[in-house]
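> Mind looking over this structure? Questions follow.
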Amino acid sequence: MNSVISAPFSKLTRDQIQERVRALGDWFHNMDLNGVQTAPNHFLGDYPRIKWHGFAQAIPADLHGKSVLDIGCNAGFYSIEMKRRGAARVVGVDSDETYLAQARFAAEVCGMDIELRQLSVYDVGALGEKFDVVLFMGVLYHLRHPLLALDLIHEHVTRDLLVFQSMQRGSKEVEPLKENYHFWQTDIFNQPGFPKMHFIENKYAGDETNWWVPNRACSEAMLRSAGFDILTQPEPEVFICRHKELKSGSPVIPATANAQGRNNGVA
Ligand SMILES: C[S@@+](CC[C@H](N)C(=O)[O-])C[C@H]1O[C@@H](n2cnc3c(N)ncnc32)[C@H](O)[C@@H]1O
């Protein structure tokens, strides 16, 4: 074990990498670290590579000179892909130090310079910086306060693009929304394409940190409401958005808002 720790990660043998991967616990990201798969039995298959293939073409292929923030970076699969596209700076944040340790190891084995910090999405204001591209993938439904998170991301860290992904359940239809509805117009709430958020009081998929699962219309409505224009939807769960200025009178979100839920929203 000592020999593993003392060797530079980029020079580790396959067996040494395998040993470190095992020691770093259960991986959610299946990554290929010099031939070693970190989560070969992932319940979603070769994840997140299969997800990435569905939207990789919708993100600028050349990120030279750009800064990227990966919120809920987990073991850093997307952070590394952003660096491979030439991003000048990639910052990955996650609330879970176990995943960050995996990300640190994966980045070193891949020879990628990625800044990793333990930080909750509710505290992104503490970064004091805006990023050209913000990834917010697979985190929203793990939060007790999802719209607050989107508001904070809009207010504090997004300069241009937001790449958003959420698990979605319910209808895939999207009902065109009117500006207003009369108090007695109740049928809209039964229309499948009306924005709906499903609250999980106990567990979903055995995970007590799954709190709120939107239908597609709700994902879109929340993104718009938080101040993002949806540019494309390259695959059903992924939305590529552009930051827009909100009209005056919109809620101002304090940078230090700290509204973490049970287990800190950990996956
Ligand atoms: C389902 S994984 C998604 C990982 C990665 N973004 C992806 O799309 O493959 C959710 C990640 O969000 C992180 N997470 C959960 N709550 C968080 C919070 N409040 N702030 C930051 N990260 C959080 C978890 O630790 C976990 O790494």
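Throughout, read-outs are computed from the coordinates displayed, never taken from laboratory work. Computed from a prediction, not measured in an experiment: that's the story for all the values here. So basically every Cβ, Gly included, is an ideal-geometry build from the backbone, and we count neighbours across all protein chains shown.
> Add +1 for every Lys or Arg and -1 for every Asp or Glu among the other residues with Cβ under 14 Å from the Cβ of Asn41, and state the total.
So the surrounding residues net to -1.
> Let me ask another. Suppose the Debye formula is applied to equal point scatterers at every Cα of the chain; what is log10 I(q)/I(0) at q = 0.09, 0.11, 0.13 Å⁻¹?
Those come out to -0.43, -0.63, -0.87, one per q.
> Something else now. In whole percent, what relative contact order does segment 202-244 give with Cα contacts below 8 Å and a gap of six or more residues?
25 percent
> Further, regarding this structure: With θ set to phi - 60° and the Karplus curve 6.51 cos²θ - 1.76 cosθ + 1.60, what are the ³J(HN,Hα) couplings of segment 143-154 in order, to the nearest whole Hz, using x for Gly and Pro?
Using θ = phi - 60°, the values come out as 10, 6, 10, x, 6, 4, 4, 4, 4, 5, 5, 5 Hz.
> Same structure again: Relative contact order (percent) for segment 94-187, with alpha-carbon contacts under 8 angstrom and 6 or more residues of separation?
27 percent
> Taking the Cα centre of segment 4-160 as origin and charging only Cβ (+1 Lys, Arg; -1 Asp, Glu), how large is the dipole, in debye to the nearest 20?
Here the size comes out at about 300 debye.
> Would you mind checking Lys66/Lys244; Lys51/Lys83; Lys178/Lys247; Lys130/Lys178 for any pair whose Cα atoms are more than 25 angstrom apart?
From the list (Lys66/Lys244; Lys51/Lys83; Lys178/Lys247; Lys130/Lys178), the Cα-Cα distance tops 25 Å for Lys130/Lys178.
> Got the relative contact order for the chain handy, in percent, Cα pairs under 8 Å and 6 or more residues apart?
Answer for the chain is 17 percent.
> Using the number of other C-beta atoms within 10 angstrom as an exposure proxy, rank Ile153, Ile50, Ile17 with the fewest first.
Ile50, Ile17, Ile153
> Sum -39500 (n - 2.57) across every DSSP H segment of at least 4 residues in the chain, then divide by the residue count to get the 222 nm mean residue ellipticity, nearest 500.
Working: 7 runs with 61 residues, N = 267.
Here the helix-only value at 222 nm equals -6500 deg cm²/dmol.
> Return one number: the angle in degrees, 0 to 90 and rounded to the nearest 10, between the long axis of the Cα atoms of helix 97-109 and the longest principal axis of the Cα atoms of the chain.
50 degrees
> So if I place +1 on the C-beta of Lys and Arg and -1 on the C-beta of Asp and Glu, and nothing else carries charge, what would the dipole magnitude of segment 64-246 be about its Cα centre? I want it in debye, nearest 20.
For segment 64-246, the charge dipole is close to 300 debye.
> Rounded to the nearest 20 debye, what is the charge dipole size of segment 8-65 about its Cα centre when +1 sits on each Lys and Arg Cβ and -1 on each Asp and Glu Cβ?
Approximately 80 debye in magnitude.
> Between helix 14-23 and the chain, what is the angle of the helix's C-alpha long axis to the longest principal axis, kept within 0 to 90° and rounded to the nearest 10?
Roughly 50 degrees between the two axes.
> Spin-label point model (7 Å from Cα, Cβ direction): what's the Asp113 to Glu129 distance in nm?
The answer from the label model is 1.2 nm.
> While we're looking at this one, here's another question. Could you check the spin-label model distance between Asp187 and Met167? Points 7 Å from the Cα along Cα→Cβ, value in nm.
With each label placed 7 Å out from Cα toward Cβ, I get 3.4 nm.
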